[in-house]
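Everything on this sheet refers to the single structure shown next.
The values are calculated or read from the model by the stated rules, or taken from the named source; none is laboratory data. Being a predicted model, the structure only gives us computed values, none of them experimental. In this analysis, Cβ positions are derived from the backbone assuming ideal geometry, glycine residues included, and neighbour counts consider all displayed protein chains.
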């Protein structure tokens, strides 16, 4: 399933960032959904809550930006744009 691999990749990046900051929690993040990622903002949020349980991102405030450019090089991706780590 394409969506599952997108979530796994995103959560791997988040966990790496958390480890770089002594395991601190992610409190806020912004993600960009590519036009061909097969994810809408509500769909992303629903699944993110499930996939992030037990990770550094569990409970994080998530801003989702939906891109419409099907020609963009990242059109099939979910891009982690910004992360705020626990102070």
Single unsatisfied condition, residue 43 versus (1) part of a strand (DSSP E or B); (2) surrounded by 14 or more Cβ atoms within 10 Å (Cβ to Cβ): (1)
Going through region 46-57 one residue at a time, which ones are in a loop (DSSP other than H, G, I, E, B) and surrounded by 14 or more Cβ atoms within 10 Å (Cβ to Cβ)? 52, 55, 56, 57
Search result, residues across region 1-26 that are under 18 Å from residue 59 (Cα atoms) and without any contact (Cβ under 8 Å) to a residue 60 or more places away in the chain: 8, 11, 12, 15, 16, 19, 23
For region 58-75, how many residues meet the condition of being assigned to a loop (DSSP other than H, G, I, E, B) and touching a strand residue (DSSP E or B) at 6+ places or on another chain (Cβ under 7 Å)? 2
Any residue at all in region 9-29 that's in a helix (DSSP H, G or I), surrounded by 13 or more Cβ atoms within 10 Å (Cβ to Cβ) and in contact with a helix residue (DSSP H, G or I) (Cβ under 7 Å, 6 or more places away or on another chain)? yes
Looking at (1) surrounded by 15 or more Cβ atoms within 10 Å (Cβ to Cβ); (2) assigned to a loop (DSSP other than H, G, I, E, B); (3) in contact with a helix residue (DSSP H, G or I) (Cβ under 7 Å, 6 or more places away or on another chain), which one does residue 38 not meet, given that it meets all the others? (1)
Leading residue by the ranking (modelled with the lowest pLDDT) among those in region 76-87 that are assigned to a loop (DSSP other than H, G, I, E, B) and either exposed (fewer than 11 other Cβ atoms within 10 Å of the Cβ) or touching a strand residue (DSSP E or B) at 6+ places or on another chain (Cβ under 9 Å) (or both): 87
